[in-house]
Amino acid sequence: MAMRLALKGLGNRVMATIPACCWTIIDGAWPNHALKIPLMHTAFETAAIAASGIRAALDVKGEEDVTVMAWAGDGGTFDIGLQALSGAAERNENIIYVTYDNEAYMNTGIQRSSATPYGAWTTTTPVKHPESRPKKNIMEIMAAHRIPYAATATIAFPDDFVRKFRKAKDIVGMRFFHILSPCPPGWKIPSDMSVKVARMAVETKVFPLYEIEDGERVTINYWPEGRPVRDYLMMQGRFKHLTDEQIEHIQQFVDHQWKRLVHLHELTHGSLPEEAQATLTSR
Amino acid sequence: MSNNGNRWDPKKFKAGEIPDTSVTLTDSLNNKTGSWRSMKPVIEDKYAPCIKACPTNTLIPQYFDQLIRGNLDAAGWILLEHNPIPSVTGRVCPHPCELGCNRGRYDQPISIREIERFVGDHILDKKGIPPKVETGKRVAVVGSGPAGMSAAFYLRRRGHTVVVYEKEEKGGGVLRYGIPEYRLPKKIVDREFQALERMGVQFKYRTTVGKDVTVEQLLQEYDAVFLGHGAMKERHMGIPGEEHFLSGLEFLWEVNHGNLTPPGKKVAVIGGGNVAMDVARALLRLGAEPIVLYRRTEKEMPALKEEVERALEDGIEFRFLTQPVAARKENGKIILTCVKMQLGERDRSGRPRPVPVEGSEHDLEFDAVVAAIGEYVDTSFLPKEALDKDGWLVADRKTGRTPVKGLYAGGDAVLGPATVVEAVGMGRRAAEAIDAYLNGVEDYKPAPLPRTVSFKYIMTEYFPKAPRVEVPELPVEERIKDYFKEEVLGYDLDRAVKEALRCFSCGHCNSCGNCYVFCPDYAIKWVDDKPVVDYDYCKGCGICAQECPRGIITMEFERLF
């Protein structure tokens, strides 16, 4: 679904690289594949560098209108591919890098990744010892490279999603997308709840929708009315074991992160929209 | 390598050859995944609760949808399918639909009546198209109030010859001679009758059924007869001195005939129903000082809450828990002896029974007294076979059928004093039953209503909270001065559309496209601006059903046999 929306935003003149992730499977087995664009399967850690290479080759050939997109999971981005990604970002390669983040190594059996949030169950962080560290903030890492554009998006807000990809298409330089992508088996949710969970992540401010331009200018795109994180957590089997204290801990963490983000928005724009104040007080 | 450095051509691909890289030979459409499914989504329009709550079952979200798309005529025609006089109900309806409205459980219900009024006024002079085919069957309609108008409209639409018998010189019944001008301008009623005339409905005015012609004669002369004569007799209070009172209906009849002199300066209005409110508010506008006497409290008043509120806004004095027990005339004034009441146990209507407080008798002096304590149905002219042992007209609520073959009835004549919209609904249902009867259908039963979408199936995430669009009205100080000024000004197009956009459109697909956007496969196809499920690709994940904001898509188990 996310891929379709991304390509809707980017159009047909796109080439993609996909490292080891569940999209390798979705796309289909060699020598066929299901997307109507040229696509290269790469090694786990090399999505960004392979995309850079394709870009360079296209530039030599003079096909500058073709967008190159690397499409990787959270494992291939937050952990294994981070070095190549950081390199590409530092060189400001003219590519789009998309991480569709389902918060664990779902494809290989739901092992913890550095994108797994605090408290979550995975097969390597069982209920007795759930994830003890907060999720790595990939957006801040990418922003720290001072790349032209970085944004979050989710399938639950398709208009926002497509708008950001259209915007990104016309920007030259490294563009980064962080997409929250619910995984029904890994999150222990029924498949029909995928969109609802993604929406709830935004509504509870667990996953805010925002964009960072030039690594500094922060714009919050959606101001949720604010619901307790409990609503989001309790929709999913992977959080069922959480105690009230743990949920409160998560709530405080989320509130704090949100305040930080709002402050950055204020720094960028000089003021806050009307609906902002309510998001700081209400739960 | 097989391509020798040339561009890879998928069409020349042969089995056993190895391409340089994976290539797109087909796409996912090649892979029909529908067989993975155990549940399947079914797209089906259902009823919104407002439709169910409306006695006429008007397809409210459906005509809103057309209004929003800018097809005002189409919206009007949908509205007319179930309600022939939306300009009238758009003004005087107690809008039970708005009580049913799912949005009422979220922020505020949609202002359905005001939108109805706007669309009704739009179609008012366009409707009234004669039927294409004449059936040659003849139906008599007794009474030209809302029930009779509705029955005549739908019978004529089906090609029957319709003759309406009306004892007054103009048609409309309660719409013309009951409801005051400031709530329902008579120009609107005139235009409604012009539409009926354009359709070819015939009218016999100044003809009283039971006097000039009997029901038995009508039954012989026509193929069927519809009774919609209403409840036009005022109840008596049964207290001494009552002969000095005017009845509420009489007063309104006089006013609507152009007699605009109030019966006195200080006028008592006895009763707490809609007629009492109309009387009091009309009196105020004609320059009198009405005082409403009611034996219970404001909470128990049977009048519409809205009307009571307006009366209070007008500044009309209410004396609650006051019951007149006797009246006498002295020096041209009427002295009412009243007792104070207190509320006792609940009676059969569920309201507390008023009980007199001992020793609380007091006299009040008025120039005139209008009693509006309720109306009843005149059945004296009806065939005995159509009445039950208490003298009430017997008629099926769903079809209007009476025990007499070919005799149907609807509206207040059956229900006792009720609302315009109920009369309209019964008129239409009776017309359908009469049509079936004339076509020789024995044992006609109306089709059961579709399932209703309740609030829990509405995905409120898609609807930001928004208050109702304000209805323009005359300010209180202006409206109480003039009996002829309509007090509610109504929506214009912008307001009507803005308000209609608040509608959840429960159970009616308005082509929002959510299912199409969120389907992870290719299973939702877009045909003629509506979604259609392609079961070749649907894996039955259920996202479309979850994300449909208005409960149209339901998941059902696949049945193998």
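Bear in mind these aren't lab numbers, they're just calculated from the coordinates by the rules spelled out. Just so you know, these numbers come straight off a predicted model, no measurement behind them. Positions of Cβ are backbone-derived with ideal geometry, glycine not excepted, and every protein chain shown enters the neighbour counts.
Structure above, values below:
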{"item": "Qualifying trypsin sites (Lys or Arg not before Pro) for the stretch B:86-128 [loop in DSSP, other Cβ within 10 Å: at most 14]", "result": "B:LYS126"}
{"item": "Charge dipole (the protein assembly as shown, unit charges on Cβ, about Cα centre) - positive-most of A:GLN111, A:ALA156, A:ILE220", "result": "A:GLN111"}
{"item": "Pairwise FRET efficiency - A:VAL172 versus B:GLU309, Cβ, R0 = 45 Å, nearest 0.05", "result": "0.10"}
{"item": "Extension gain from B:TRP392 to B:TYR516, taking 0.36 nm per residue of separation minus the Cα-Cα distance", "result": "39.0 nm"}
{"item": "Gained length - B:GLU365 relative to B:ASP347, 0.36 nm times residue gap less alpha-carbon distance", "result": "3.3 nm"}
{"item": "Residues A:THR243 and A:ASP159, FRET efficiency given R0 of 51 Å [Cβ-Cβ distance, rounded to 0.05]", "result": "0.85"}
{"item": "Length-normalised contact order for the stretch B:370-488 - Cα pairs under 8 Å, 6+ apart - percent", "result": "16 percent"}
{"item": "Partners for B:LYS398 among lysines (Cα-Cα distance below 18 Å; same-chain residues under 8 apart left out)", "result": "B:LYS52, B:LYS445"}
{"item": "Virtual spin-label span in nm between B:VAL355 and B:ALA447, 7 Å along Cα→Cβ", "result": "5.4 nm"}
{"item": "Cross-link reach list, lysines versus B:LYS46, counting only Cα pairs under 17 Å and skipping chain neighbours closer than eight places", "result": "B:LYS456, B:LYS530"}
{"item": "Simple Cβ-charge dipole of chain A, Lys/Arg +1 and Asp/Glu -1, about Cα centre, in debye nearest 20", "result": "500 debye"}
{"item": "Bridge type composition, the stretch A:112-228 - antiparallel percent by DSSP, nearest 5", "result": "55 percent"}
{"item": "Extension gain, B:GLU134 back to B:VAL471 (0.36 nm per residue minus Cα-Cα distance, nm)", "result": "117.1 nm"}
{"item": "Neighbouring partner chain Cβ atoms per residue of A:189-199, average, 10 Å criterion", "result": "5"}
{"item": "Average Cα contact separation per residue, chain A, under 8 Å, 6 or more apart, as relative contact order %", "result": "15 percent"}
{"item": "The protein assembly as shown: Rg to Rh, with Rh as the Kirkwood radius over Cα pairs", "result": "1.11"}
{"item": "Selected from B:CYS509, B:PRO450, B:MET555, residue furthest toward positive end of dipole (the stretch B:439-561; charges at beta carbon)", "result": "B:MET555"}
{"item": "Net +/- balance of residues flanking B:VAL225 in space, Cβ distance below 11 Å, scoring K and R +1, D and E -1", "result": "-1"}
{"item": "Rounded to 10°, Cα long-axis angle of helix B:305-314 versus longest principal axis of chain B", "result": "60 degrees"}
{"item": "Burial order of peptide ranges B:513-522, B:473-482 (average beta-carbon count within 10 Å, highest first)", "result": "B:513-522, B:473-482"}
{"item": "Lysine pairs in the stretch A:94-215 with Cα atoms under 20 Å, if 8 or more residues apart or on separate chains", "result": "7"}
{"item": "Cα-centred dipole magnitude for the protein assembly as shown, charges only on beta-carbon of K, R (+1) and D, E (-1), debye, nearest 20", "result": "1540 debye"}
{"item": "Fraction of beta bridges assigned by DSSP in the protein assembly as shown that are antiparallel (%, nearest 5)", "result": "40 percent"}
{"item": "Label point 7 Å beyond Cα of B:ARG105 along Cβ direction - residues of the stretch B:28-72 with amide nitrogen under 19 Å", "result": "B:46-54, B:60-61"}
{"item": "DSSP bridge pairs, the stretch A:2-281: antiparallel proportion in percent, nearest 5", "result": "25 percent"}
{"item": "Estimated [θ] at 222 nm from DSSP helical runs (n ≥ 4, -39500 (n - 2.57)) normalised by residues in chain A, nearest 500", "result": "-11500 deg cm²/dmol"}
{"item": "Residue-averaged 222 nm ellipticity for chain B, from DSSP H runs of 4+ at -39500 (n - 2.57), nearest 500", "result": "-8000 deg cm²/dmol"}
{"item": "Folded to 0 to 90 degrees: helix B:72-82 orientation relative to chain B principal axis, Cα", "result": "60 degrees"}
{"item": "Along principal axes, Cα extents of the stretch B:234-375, largest first, whole Å", "result": "44, 37, 26"}
{"item": "Lysine pairs meeting the criterion (Cα under 16 Å, 8 or more apart or interchain), as found in the stretch B:234-375", "result": "4"}
{"item": "Where labels lie 7 Å past Cα in the beta-carbon direction, separation of B:THR214 and B:ILE239 in nm", "result": "4.1 nm"}
{"item": "At most 12 other Cβ within 10 Å, DSSP loop - GluC sites (Glu not before Pro), the stretch B:346-417", "result": "B:GLU358"}
{"item": "FRET E, pair B:LYS333, B:LYS204, Förster distance 41 Å, beta-carbon r, rounded to 0.05", "result": "0.40"}
{"item": "Degrees between helix A:194-203 axis and first principal axis of chain A (Cα, 0 to 90, nearest 10)", "result": "70 degrees"}
{"item": "Rg over Rh [alpha-carbon atoms, Kirkwood Rh] for chain A", "result": "0.96"}
{"item": "Charge-dipole axis of the stretch B:234-375 as Lys and Arg at +1 and Asp and Glu at -1 on Cβ define it, positive-most pick from B:GLN342, B:VAL267, B:ALA372", "result": "B:GLN342"}
{"item": "Chain B, relative contact order [Cα under 8 Å, separation at least 6], %", "result": "22 percent"}
{"item": "Over the stretch A:1-158: Kirkwood hydrodynamic radius from C-alpha pairwise inverse distances, Å", "result": "16.4 Å"}
{"item": "Cβ charges +1 (Lys, Arg) and -1 (Asp, Glu), total dipole of chain B, debye", "result": "1160 debye"}
